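> Mind having a look at this structure? Questions to follow.
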Amino acid sequence: MVGVVNHSNWLTFARKSNSVNTYSRIVIYINIRLSSLCFSLHKDVINHRDILLVSFFNNNDIFWLMNVYSNSFHSTLKCLKNTEANICNLLIMTGNFNIYDSLWDLSFSHHSTISDNLIVIADLFNLDLSIPTN
């Protein structure tokens, strides 16, 4: 199945594509109760098929949300590491990074240099690693 599931209670942000080779593998859903914050997709800031960057306004300040899919070649992480986009107030960067590492999975026995790249990228956006707790 190719496409995005739509629901009347959710705003859906996804890239359109004309080709199977360039379709996006990610989507962002925002509950419609937050629609007064004026969410907007920004391909003009980062234009990558596997990165969605959405902005919104709150009290005259702009904030950002980012959803990422990184394939086994980590091309998305390479793009983010080399970006010169000045994104202040990025609240969250979430997604599937395809990185197995002992930093966030204690059942995995070693550390990956790819993880270091993700930490550098997060630091560039002034983000910290959040590990789920039970």
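The values are calculated or read from the model by the stated rules, or taken from the named source; none is laboratory data. Note that the coordinates shown come from a computational prediction; the quantities given were computed from them, not determined experimentally. Glycine gets a Cβ as well: all are built from the backbone with ideal geometry, and neighbour counts include every protein chain shown.
> I'm trying to understand the selection: among the residues of region 68-82, which are of a type in the set (A, V, I, L, M, F, W, C) and assigned to a loop (DSSP other than H, G, I, E, B)?
Step one: filter region 68-82 for residues of a type in the set (A, V, I, L, M, F, W, C), giving 68, 73, 77, 79-80.
Answer for region 68-82, where residues must be of a type in the set (A, V, I, L, M, F, W, C) and assigned to a loop (DSSP other than H, G, I, E, B): just F73.
> Whether any residue in region 53-61 is of a type in the set (D, E), surrounded by 14 or more Cβ atoms within 10 Å (Cβ to Cβ) and either within 12 Å of the chain's Cα centre (by Cα) or outside any loop (DSSP other than H, G, I, E, B) (or both) is what I want to check.
Quick first cut of region 53-61, residues of a type in the set (D, E) only: 61.
Checking which are surrounded by 14 or more Cβ atoms within 10 Å (Cβ to Cβ) leaves us with none.
Checking region 53-61: not a single residue is of a type in the set (D, E), surrounded by 14 or more Cβ atoms within 10 Å (Cβ to Cβ) and either within 12 Å of the chain's Cα centre (by Cα) or outside any loop (DSSP other than H, G, I, E, B) (or both).
> Quick one: H7 ticks every box in (1) surrounded by 12 or more Cβ atoms within 10 Å (Cβ to Cβ); (2) at pLDDT 85 or above bar one, so which box is it?
Tallying (1) surrounded by 12 or more Cβ atoms within 10 Å (Cβ to Cβ); (2) at pLDDT 85 or above, H7 fails exactly one: (1).
> Which of the residues spanning region 94-134 are more than 17 Å from K81 (Cβ to Cβ) and of a type in the set (A, V, I, L, M, F, W, C)?
Of everything in region 94-134, those that are more than 17 Å from K81 (Cβ to Cβ) and of a type in the set (A, V, I, L, M, F, W, C) turn out to be L103, W104, L106, F108, I131.
> To continue, here is another question. Quick check on F63: is it aromatic (F, W, Y) and either more than 30 Å from S115 (Cβ to Cβ) or without any contact (Cβ under 8 Å) to a residue 40 or more places away in the chain (or both)? Give the steps one after another, and end with the answer.
Numbers: aromatic (F, W, Y): yes; either more than 30 Å from S115 (Cβ to Cβ) or without any contact (Cβ under 8 Å) to a residue 40 or more places away in the chain (or both): yes.
Here the answer is yes, as F63 does meet what is asked.
> Hey, N21 hits all of (1) modelled with pLDDT under 90; (2) in a loop (DSSP other than H, G, I, E, B) but one; which does it fall short on?
Looking at each condition in turn, N21 falls short on (2).
> Turning to a different aspect of this structure: Picking from I46, I30, which residue would you name as being closer than 19 Å to I92 by Cα, in a strand (DSSP E or B) and touching a residue at least 12 places away in the same chain (Cβ under 8 Å)?
Values: I46 fails: in a strand (DSSP E or B).
Exactly one of I46, I30 is closer than 19 Å to I92 by Cα, in a strand (DSSP E or B) and touching a residue at least 12 places away in the same chain (Cβ under 8 Å), namely I30.
> Just one of (1) within 13 Å of the chain's Cα centre (by Cα); (2) part of a loop (DSSP other than H, G, I, E, B); (3) loosely packed, with under 15 Cβ neighbours inside 10 Å trips up T94, so point out which.
(2)
> Okay, moving on. Given the criterion assigned to a loop (DSSP other than H, G, I, E, B), out of contact with any helix residue (DSSP H, G or I) (no Cβ under 6 Å at 6 or more places or on another chain) and hydroxyl-bearing (S, T, Y), identify the matching residue among S115, S107.
Numbers: S115 fails: assigned to a loop (DSSP other than H, G, I, E, B).
Exactly one of S115, S107 is assigned to a loop (DSSP other than H, G, I, E, B), out of contact with any helix residue (DSSP H, G or I) (no Cβ under 6 Å at 6 or more places or on another chain) and hydroxyl-bearing (S, T, Y), namely S107.
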